[in-house]
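Just so it is clear, none of the values below were taken in a lab; they were calculated from the coordinates. Just so we're clear, the structure is a prediction, and the values are computed from it rather than from any experiment. Heads up, the Cβs are rebuilt from the backbone with ideal geometry, glycines too, and the neighbour counts pull from every protein chain shown.
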Amino acid sequence: MENKSAPVMGRKMFLYATSFFSGMSVMAIELGASRLLAPYFSSSQIVWTVIIGTIMIAMAIGNVWGGRSADKHPEPERLFKRLLLVAVWTALIPFAGRYVIAGVSGLLALFVRSNFLVWASLCSCLALFVFPLMLLGTVTPSLMKYTTESLDDNGKTLGELEALNTIGSIIGTFLPTFVTIPAVGTARTFLIFAAILAVISLAFFISRRRWIGRGAACALVITALVFAPMNYSFAFWEGDDIVLEDESIYNYLQVTEDERRIALSTNVAFGVQSIKVKSGSMTGMYYDYALAAPLMAEKAEDVLILGLGTGTFAEQCLEYFPGCQVTGVEIDEKIVDISREYFDLPEEVEAIVGDGRAWLTASGGSWDVIMVDAYQDITIPFQMSSVEFFTEVREHLAPGGVMVVNMSMRSESEGSMNEYLIDTIASVFPHVYTVRVSGGSNMELFASADAEALARFESRYPQLEDEGYRAIMRRVDDALAPAGGGDYILTDDKAPVELLGMRVLDEIIGSELDAIRGQIAEEGIMSLLE
């Protein structure tokens, strides 16, 4: 039986190519969405769930709409007009996306009292990505209509279209992650794939001698933007302190510098991850408190840092414990490069690029001090928060060794992220102590199998010659509290760190928003601008 709506183009290959590049663009936009949102909402599993769920809903709606539209209008011109519209919309995302995210978040802040991260990321996704991905969802059912010559082989045709779309999706997954985003950034990645869709649409319009002027104008403008100079900043409200904005496979990277300090941030909304004070004094941050660990350890000759960052703690160890050997493991190679170029990380520090737990498992060494500093905002690697991981750390501690963990999500509520971490660590180490870092949400935890660790610290720190170091250690001693075990245990099998982190983040955001709402109620919304 012949299909009356047989292929309307002379050659199937062009339509097959359309399926391939459309599949590639879907995944590229999805990965671009994750990188666009990460500097504001983190790259946690929660945000990824929002992105994937939103995109799948958009694609499903597009599938239905595309099939019905193709039945009603068996002319491919409508499809390629939609692809041209997707190209234009995608090209606008790098320029408008950050303002949309900021506007959506600011508006929701006035009304949302819980699960702010979910609602803000969801609404941002709806505003930016549902429309173009819904249009891309119309591609496969439409192409099925246009490429079917006979109902006898429609299964074969559909299989070929789906295969090409899937192959395109695979390439669209690897290409942005390993090539375009690290090389040219998220903004140009959006522009590159927008240009691809614009060129495909233009080729169709040229073959039909229709809409050539409009298609050519869009394709030329978008392609020109790919190569045009671009001063793109995720933190567009920042002043002249930003000296570097970059992206790696893992992170958004921002280096700021003023007359007092140099700082690295991987998230514009959740503060500083690493800092270097130009005067060489104490930082005033959690690194200073962590320096209690070498005083607790029987000796401080070998130090391992899982989550090296830019090496603040490593430099402090070299300064206050001359002759010690410091090894740092950092998963992000670009952060290691930044630490050398901007933060003057000493060459004596052995910087290893890799996953902290995987490297530790493969290592046969032992260390006097092991610092775990791999948690940032709510992006907590579950594999570095479990009983199995902390057992691995204990096995790699030398006799009399001490582990120090920086926990950045302090909360007063029962069953918080930190309570889970404390109970988990206490199930592995018999001696656990915590201290709150003043002026922030961080908490430092010290753990050891040696009962003499605390006594060593209390006898050593009063003898420190450096007055600033001694003052910080006195503060640690005054606030240091023993931590008992409990029932909140994280394992490799069950570690809901994203949900726990989001709960704490809700508390932090909620307290800030309550203050803002109170100000609006008393002084009016214009007082915020003042």
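Some points to look at:
- Annotation: for a label point projected 7 angstrom from Cα along Cα→Cβ of Glu392, residues of segment 477-500 with backbone N closer than 11 Å are 492.
- In Hz, Karplus ³J(HN,Hα) per residue of segment 13-26 (6.51, -1.76, 1.60; θ = phi - 60°; x = Gly, Pro): 4, 5, 5, 5, 4, 4, 4, 4, 6, 5, x, 5, 5, 4
- Simple Cβ-charge dipole of the chain, Lys/Arg +1 and Asp/Glu -1, about Cα centre, in debye nearest 20: 3420
- Considering only Val329, Gln45, Phe204, and ranking their Cα positions along the charge dipole of the chain that arises from unit charges at the beta-carbon of Lys, Arg, Asp and Glu, the one farthest toward the positive end is Phe204.
- The C-alpha atoms of the chain define a longest principal axis, and helix 497-523 lies at about 90 degrees to it.
- Whole-number percent relative contact order across the chain, with pairs defined as alpha carbons under 8 Å at least 6 apart: 14
- Only Lys, Arg (+1) and Asp, Glu (-1) charged, at Cβ; segment 310-387 dipole about Cα centre in debye: 340
- Charge tally around Lys299: other residues with Cβ under 14 Å, Lys/Arg +1 each, Asp/Glu -1 each, net -4.
- Separation of the Val184 and Glu298 label points, Cα + 7 Å toward Cβ, nm: 5.8
- In segment 12-227, taking the dipole from charged Cβ atoms about the Cα centre, the farthest positive-side position among Ala195, Leu225, Leu143 is held by Leu225.
- Close amide H pairs (under 5 Å, H built 1.01 Å from N) link Asp302 with Gln325, Asp368, Val369, residues at least 5 positions away or on another chain.
- Efficiency of FRET from Cβ geometry, Glu75 and Lys494, R₀ 41 Å, rounded to 0.05: 0.15
- Expected 222 nm ellipticity per residue - DSSP helices of 4 or more, -39500 (n - 2.57), all of the chain, to 500: -18000 deg cm²/dmol
- Förster radius 60 Å - calculated FRET efficiency between Leu244 and Ile206, Cβ distance, rounded to 0.05: 0.90
- Relative contact order computed over segment 275-411 (Cα-Cα under 8 Å; 6+ residues apart), in percent: 27
- Basic side chains Lys and Arg get +1 at the Cβ, acidic Asp and Glu get -1 at the Cβ, and with that the dipole of segment 12-227 about its Cα centre reaches some 600 debye.
- Separation of alpha-carbon centers, segment 319-377 and segment 28-102, rounded to whole Å: 39
- With both labels modelled 7 Å from their Cα along Cα-to-Cβ, the Leu85 to Phe382 distance reads 4.0 nm.
- Prolate/oblate/rounded call for segment 283-509, Cα gyration tensor, a/c under 1.5 rounded: rounded
- Summary value for segment 283-509: 23 percent relative contact order, contacts being C-alpha pairs under 8 angstrom separated by 6+ residues.
- Most positive-pole-ward Cα, Ile242, Ala297, Trp367, against dipole of the chain from beta carbon charges: Ile242
- Helix 45-72 vs. the chain, principal-axis angle (Cα, 0 to 90°, nearest 10): 0
- Rounded to the nearest 0.05, the FRET efficiency derived from the C-beta distance between Ala481 and Glu259 at R0 = 30 Å is 0.20.
- Spin-label model, Ala163/Asp466: points 7 Å from Cα along the beta carbon direction are separated by 6.5 nm.
- Spatially close lysines, pair count over the chain: Cα under 30 Å, gap of eight or more or interchain: 19
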